[in-house]
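S.K.: To start, I am sharing the structure in question, which I have written as structure tokens.
The values are calculated or read from the model by the stated rules, or taken from the named source; none is laboratory data. All figures in this text were calculated on a predicted structure; none of them were measured in a lab. Cβ sites come from the backbone with ideal geometry, for glycine too, and all protein chains shown count toward neighbours.
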């Protein structure tokens, strides 16, 4: 009987809006070949009816139905987990926007790692203001008020031993190297 090949690593980035989760995921994709799944970016694409070929129609449909800032629906979570497993068969995967609530930690694939990205508030606000200059996502200087940001302290409190905190105030290449240094050597791509 053939043994299935081992799945590639999967890492998750959590943190407040503007700490660099998507930027880090894109860097890992562009410079290290990781598949990057950004629930925020893909949700905006899905709601505008643009469907990337590398993602299933089912997954993108669930993202299109998800309202920004709302708690993730169970069908979306199930679809996301299936998408992650499918992509892990081909290569390593990074995800941002999940886990968003404490109970999500129990749903993560075995062997995955969660990284909490942190930056000083002033630097985070600078990043959000700069992002607003280049995208339609404007930062008003007021808290986003998303459930994900509100649930983050409880998620960290309940699962601190399962989460690695990373200072993401450095250039993205340095933060990527730091994240990769936390993976077992047989998982670094």
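S.K.: Counting only residues that are part of a loop (DSSP other than H, G, I, E, B) and crowded, with 17+ Cβ neighbours inside 10 Å, which one in region 62-77 is nearest to the chain's Cα centre (by Cα)?
M.R.: Once the filter is applied, the top-ranked residue is 72.
S.K.: Okay, moving on. Looking at 75, 68 in this structure, which one is touching a helix residue (DSSP H, G or I) at 6+ places or on another chain (Cβ under 8 Å), more than 20 Å from residue 164 (Cα to Cα) and modelled with pLDDT under 95?
M.R.: The match here is 68.
S.K.: Can you go through 79, 73 and tell me which one is within 20 Å of residue 109 (Cα to Cα) and without any contact (Cβ under 8 Å) to a residue 12 or more places away in the chain?
M.R.: Exactly one of 79, 73 is within 20 Å of residue 109 (Cα to Cα) and without any contact (Cβ under 8 Å) to a residue 12 or more places away in the chain, namely 73.
S.K.: Failed condition for residue 83, given (1) closer than 26 Å to residue 32 by Cβ; (2) out of contact with any helix residue (DSSP H, G or I) (no Cβ under 6 Å at 6 or more places or on another chain), with all others met?
M.R.: With (1) closer than 26 Å to residue 32 by Cβ; (2) out of contact with any helix residue (DSSP H, G or I) (no Cβ under 6 Å at 6 or more places or on another chain) applied to residue 83, the lone miss is (2).
S.K.: Answer yes if at least one residue in region 118-136 is part of a helix (DSSP H, G or I), exposed (fewer than 14 other Cβ atoms within 10 Å of the Cβ), under 18 Å from the mean Cα position of the chain (by Cα) and on the phi < 0 side of the Ramachandran plot, and no otherwise.
M.R.: No, region 118-136 contains no residue that is part of a helix (DSSP H, G or I), exposed (fewer than 14 other Cβ atoms within 10 Å of the Cβ), under 18 Å from the mean Cα position of the chain (by Cα) and on the phi < 0 side of the Ramachandran plot.
S.K.: Anything in region 78-95 that is part of a loop (DSSP other than H, G, I, E, B) and crowded, with 20+ Cβ neighbours inside 10 Å? List them, or say none.
M.R.: Once the filter is applied, which keeps residues that are part of a loop (DSSP other than H, G, I, E, B) and crowded, with 20+ Cβ neighbours inside 10 Å, region 78-95 yields only 92.
S.K.: Condition (residue is assigned to a loop (DSSP other than H, G, I, E, B) and at pLDDT below 95) applied to region 29-49: is it met by at least one residue?
M.R.: yes
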